[in-house]
1. If I filter region 69-86 down to residues being at pLDDT below 95 and assigned to a loop (DSSP other than H, G, I, E, B), which single residue comes out as nearest to the chain's Cα centre (by Cα)?
2. Report whether or not residue 74 is open to solvent by less than 40 Å² (accessible area, probe 1.4 Å) and either at negative phi or acidic (Asp, Glu) (or both).
3. Residues being more than 27 Å from residue 149 (Cβ to Cβ), among the hydrophobic types (A, V, I, L, M, F, W, C) and over 22 Å from the mean Cα position of the chain (by Cα): count how many of those fall in region 191-239.
4. Would you be able to say whether some residue in region 325-347 is within 19 Å of the chain's Cα centre (by Cα) and assigned to a strand (DSSP E or B)?
5. Quick one: how many residues across region 60-71 are open to solvent by 30 Å² or more (accessible area, probe 1.4 Å) and without any contact (Cβ under 8 Å) to a residue 60 or more places away in the chain?
6. From 246, 314, which residue is open to solvent by 20 Å² or more (accessible area, probe 1.4 Å) and of a type in the set (Ser, Thr, Tyr)?
7. If residue 79 meets every condition in (1) surrounded by 15 or more Cβ atoms within 10 Å (Cβ to Cβ); (2) touching a Phe, Trp or Tyr at 6+ places or on another chain (Cβ under 8 Å); (3) closer than 26 Å to residue 316 by Cβ apart from one, which number is that one?
8. Counting only residues that are in contact with a Ser or Thr (Cβ under 8 Å, 6 or more places away or on another chain) and of a type in the set (Gly, Ala, Ser), which one in region 209-232 is surrounded by the most Cβ atoms within 10 Å (Cβ to Cβ)?
Amino acid sequence: MWRIMSGLSSSNSGLGLPARLDALSQKLRLGGHGATILVHAQDPDPGASRVANAAPAARVLCHDSYDGLPDLLASEPIDACLSYRFGPGYPRAPLVEGPDRPAYVHVGGTGFDHLVPFEQSAVLVCNSAGFQAEVMADYALAAILAINMRFPSFVAQQTRREWREHNLRGARDQAAVVLGTGPIGAAIAERLSVAGLFVTGVSRSGRAHPSFQTVVPVQDLRRVAAQAEHLVIAIPLTNESRGLVSREILNALRPGAGIVNLARGGIVDEAALQERLKEGALGGAVFDVFETEPLPNHSPLWEAPGLIVTPHTSALFEGWERAAADVFCDNLHRLSRGEPLRNRIDPARGY
């Protein structure tokens with residue numbers, strides 16, 4: 001269902017993207033007078049309250065389901081939309097392709113693969129990358145410590161009421177590879193470094209980054225993965241990253257290595273991962289994301305030895321919806337002042 005929070009509205013149909021953004025900027029300079037902003041979320045209120053404060057004269061609409069979104073867009077002239085993905089079957093086409101699409105769509109999270117493909121000349125898309133970096137860094141460190149402390153093995157033994165000792169591993173001086181050097185990857189590297197790990201970053205360019213001891217280009221992933229005790233995946237899902245952690249990469253990991261994925265399913269070859277875990281070649285794995293979500297009941301990954309499954313929650317914390325909305329509201333202020341926006345997405349680059 002959808003409801004109106006406040007204010008007035010103004011039509012912008014028929015205008016090209018630059019003109020529509022300029023029109024939105026003009027409205028925002030007046031506190032949002034004449035602008036219509038949609039908050040699309042399962043629970044729109046946290047985001048809507050932030051938007052209403054940022055643009056007090058705007059008309060703020062809330063829509064809490066995937067159903068009916070095309071009809072809403074057709075009936076209401078939406079200037080900007082803060083949209084959270086809250087289940088499978090996300091209705092991307094009306095937001096980025098349809099004739100009634102907003103001029104500006106803001107992703108209430110980091111991943112934007114549910115919106116691609118889209119043309120930059122047709123719609124401005126930004127995400128909220130960065131607000132959840134600290135808690136995701138905590139997740140990555142906790143996952144590595146769980147693998148080092150043999151928690152996957154102990155949990156399995158507990159279900160069998162089996163008392164069996166295992167040698168534990170300390171984190172200090174271990175080598176970790178973090179695939180991705182963006183805000184989340186950098187926060188992970190900083191957290192792991194404090195715990196005493198030597199952290200190598202892997203990026204498209206291999207450009208040095210102060211959060212990492214060293215950074216290599218993605219072409220060197222196999223080489224550095226073979227030297228590390230842990231591989232952490234923190235990159236967006238793009239055409240280039242899909243299947244990047246292939247059977248070859250998984251086979252290259254040193255015996256007993258751990259692997260953590262808090263990025264997107266589709267980056268890791270899940271069949272090869274299952275085989276490596278079944279063979280006992282890996283020390284453990286913690287996965288928050290999967291190619292199909294929710295993970296189907298029949299998936300063999302549920303019973304893969306040494307794998308801890310979490311339900312895509314590594315970025316969720318109390319108040320995360322408001323934190324994501326704050327990034328959107330900051331961009332509304334920037335747009336009103338004609339300043340560069342945060343986290344503008346280039347679909348050709350994939351970030």
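1. Of everything passing the filter in region 69-86, 85 is nearest to the chain's Cα centre (by Cα).
2. Here the answer is no, as residue 74 does not meet what is asked.
3. 2
4. Looking through region 325-347, at least one residue is within 19 Å of the chain's Cα centre (by Cα) and assigned to a strand (DSSP E or B).
5. 4
6. None of the others qualify; the one that does is 246.
7. (3)
8. Filtering first and then ranking leaves 228.
The values are calculated or read from the model by the stated rules, or taken from the named source; none is laboratory data. Note that the structure is predicted; figures quoted are calculated from it, not measured. Cβ sites come from the backbone with ideal geometry, for glycine too, and all protein chains shown count toward neighbours. For the accessible areas, the whole protein counts, side chains as well, though only heavy atoms, and no ligand, DNA or RNA atoms are used. Shrake-Rupley method; radii C 1.70, N 1.55, O 1.52, S 1.80 Å.
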